[in-house]
Amino acid sequence: MASSPTILVIGGGLSGLSLSLFLTRFLPQATIKIYEARPASQPSTSGTINMTPNALRVLDHIGIYQSLIPDGYNFDTISMMNHRFDTLATIPMAGAADFGYQALRIERSFIHLALLAKVKEQSQIEVIYGSKCSSVSESDSGVTVTFENGTTSTGDLLIACDGIHSTVRKSFMANPEDHDPKYMQQVSIGGFISTSEIEKYNTKNATYPMMMFGPESETGANFMIWPYTRAGDEVTFFTTISKPDEEEDWKSYAGDGLKLKELLTSVFGGDDSPWNEMVRKTVELSDPERYRFWAFYLHNLPDKFYSEKARIIIIGDAAHAMPPSGGQGGAMAFEDAESLAYALSYAYGTSKLEKLDKPQGLEIVQKWSEHRIARIKTIQELNKRMSDMRKGNSGSTSGMMFTFKVWVIWILGLLGVLGRTRRVINDYNAKQEMINLFGEDVAKLE
Ligand SMILES: Cc1cc2nc3c(=O)[nH]c(=O)nc-3n(C[C@H](O)[C@H](O)[C@H](O)COP(=O)(O)OP(=O)(O)OC[C@H]3O[C@@H](n4cnc5c(N)ncnc54)[C@H](O)[C@@H]3O)c2cc1C
C-alpha cells in the first residue's frame, strides 16, 4: 500500500476539493476518494462569497484564480457608513500592490465548479456522490468509513471535510457533545438586486461595497450592499439580525421570501425609519423570490485536529466553524487544505504514508494542528469583533452605544488599525508557513 495509499475525503465542499487537488500534486500515486452526501446534480450550495487575498492565494496555487476573475467583482476597500449615509471610514481589504490580490466577491458555485473541473482532470481522484458518512473508525493499519446506506470503505487515511455539522467529528472525538454546533442568536437575511435599480439613491456616490451601521435596536442594525459580478451590475444585500431563540423550523424562513422581506421591511422600512433611502429602497424594490436566509452556528474549537492514531484529520468548518460575519470560514478551509497537504507530504513522503501512527508522523501532524489552531484563534478573535459590531443591543438604549461604535470605527480607521488587521489576515502563505514550521525541505515540494 505504501506506493499507492488510499485517502478517503469525506465531503466534497471547498475544503474537500481543494485538499484533494493539493494531495494529488504532492502524492501523485495516491488514490483519493471523495465521498459527498449531495447528489451529483447539485454539487454546490448557492449564494455569494467574499474571497480575501489569503484565500485567493490558495486558489492561485491550485490554478483556478485567473479563471474566476471574469465572474466576480474585484475591490480593495469597503465604505463603512452610518444609517444617514455618511462615510465613517474606508477600510482597506485587499489590493494587488499591498497583498498580491484584490478581494473578489463571486457566486460560490463558480469556485465550486472550477475546483470540480480541476478534480475531473485528475484520474487519481474519484468523487462518489449521494454517499452520506454515518461513522468512522481507525485501527493501527487503516481507517474505515460507514455510510448511511450500510456500505463501507477503507483506506490509509481519512480527512474530514464534512462541514460544521460534521459526522466524522462526532464519530471520533472523545466528548463529541462538547463540540456540538450552538446557535449564535444571529441570523442573516439578504437578497439580490440590479445595481441600476438602486444607484439613483446613492446620492453621495459612495463606493461599493458598503457596510452600514445604524442605531441599535433589539434586532441589531447593519446593512451591506455588495456587488458580485465583474461589471458590478448586480449586488447582494444582507443584514445580520439578532434573534435570541433558536427555531426548530429555520427551513420555513429559508423558503419564504415574502416573510423574509417583511422582516427586513419591519427593521429598515416604514416612514419613520431612520435609515437612508439607499437601504429603504433596496428592501422595497427587492424581489422576494431572490431572498436567502442563514442561521449562524458555531462549535467549540477542538484542542487538536486529529485522532489518536492521526489517521483521521479534520479541516475546514468540520474543525473550526467561523461566524460568516467575518467572511473567513472559506479562506480558513483553503489555508487548511494547502498547509495540510504540505505537512503530510513532508511527514511521510509517498512511500511512507502507511506509517502515519509512528512517532515522527504524529509529531508533524501535531505541529501542523497546533499551528492551524493558533491561526484559527487569531482569526476568530478578529471575526468576533466584527460580529459584535453587528449585534443588537437586546433592548437597552441605543444612542450611547451607537455613538461609541461610530467613534470606534472612525478612530480605528484613522489610526490605520483596520489596515494592519488586514495584513494579519491577508498575508498567510501556506508554503512559507510550512517552511517556517518544518524547515527548508518543504521548499522542494511542488
Ligand atoms: C451565509 C454565509 C456566508 C459566508 N460568507 C463567507 C465569505 O464571504 N468568505 C468566506 O471565506 N467564507 C464564508 N462563509 C463560510 C464558508 O462558506 C465555509 O467556511 C466553507 O464553506 C467551509 O468549507 P468546508 O468545505 O469546510 O465545508 P462545507 O462548505 O460545508 O462543505 C461540506 C461538504 O460536506 C458534505 N457533507 C456534510 N456531511 C456529510 C456526510 N456525513 N457525508 C458526506 N458528505 C457530507 C456537504 O454536503 C458539503 O458538500 C460563509 C458562510 C455562510 C453560511
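Derivation of every value follows stated rules applied to the coordinates shown; laboratory data play no part. None of these values were measured; they are calculated from a predicted model. We place every Cβ from the backbone using ideal geometry, glycine too, and count neighbours over all the protein chains shown.
For this structure, a couple of remarks:
- When every Cα-Cα distance of the chain is counted in 20 angstrom steps from zero, the calculated P(r) takes the values 25, 55, 19, 1 percent.
- Placing a label point 7 Å from the Cα of E370 along the Cα-to-Cβ direction, the residues of the range 303-344 whose backbone N falls under 15 Å of that point are 303-306.
- The shape of the range 176-249 can be summarised by an equivalent ellipsoid whose semi-axes, obtained from the alpha carbon gyration tensor, come to 31, 16, 10 Å from longest to shortest.
- Two-site FRET efficiency, H165 against K204, from Cβ-Cβ distance with R₀ of 45 Å, rounded to 0.05: 0.60
- Bins of 5 Å from zero: percent of alpha-carbon pairs in the range 98-212: 2, 7, 11, 13, 13, 13, 12, 10, 7, 6, 4, 2, 1, 0
- Averaging the sequence gap over all C-alpha pairs within less than 8 Å and six or more residues apart, then dividing by the number of residues, gives the chain a relative contact order of 22 percent.
- Exceeding the 32 Å Cα-Cα cut-off - candidates K118/K384; K120/K444; K309/K444; K182/K281: K118/K384; K182/K281
- Mean separation of Cα contacts under 8 Å (6+ apart) over length of the range 70-226, as relative contact order %: 23 percent
- Calculated diffusion of the range 208-314, Stokes-Einstein form, Kirkwood radius summed over Cα pairs, 25 °C and 0.890 mPa s, µm²/s: 150 µm²/s
- The reciprocal of the average 1/r between distinct C-alpha atoms defines the Kirkwood hydrodynamic radius, which for the range 245-298 equals 12.2 Å.
- Summing +1 for each Lys or Arg and -1 for each Asp or Glu among the other residues whose beta-carbon sits under 12 angstrom from that of P43 gives +2.
- Length-normalised contact order for the range 9-113 - Cα pairs under 8 Å, 6+ apart - percent: 31 percent
- Computed log₁₀ I(q)/I(0) - Debye formula, equal Cα scatterers, no solvent, the range 1-109, q 0.18 Å⁻¹: -0.99
- Derived scalar couplings between HN and Hα for the range 277-287 equal 5, 4, 6, 4, 5, 4, 5, 4, 8, 6, 8 Hz in order, rounded to whole Hz, by the Karplus curve 6.51 cos²θ - 1.76 cosθ + 1.60 (θ = phi - 60°), x for Gly and Pro.
- Each Lys or Arg adds one and each Asp or Glu takes one away; over the other residues whose Cβ falls under 12 Å from the Cβ of P181, this sums to -2.
- For the range 178-183, putting each phi into the Karplus relation 6.51 cos²θ - 1.76 cosθ + 1.60 with θ = phi - 60° gives couplings of 5, 10, 5, x, 10, 5 Hz, in residue order, rounded to whole numbers and with x for Gly and Pro.
- Estimated from the Cβ-Cβ distance and a Förster radius of 51 angstrom, the FRET efficiency linking N300 and E262 is about 0.90.
- The string of couplings for the range 232-246 from the Karplus curve (6.51, -1.76, 1.60, θ = phi - 60°) is x, 8, 10, 10, 9, 10, 7, 9, 9, 10, 6, 9, x, 9, 6 Hz, one whole number per residue in order, with x for Gly and Pro.
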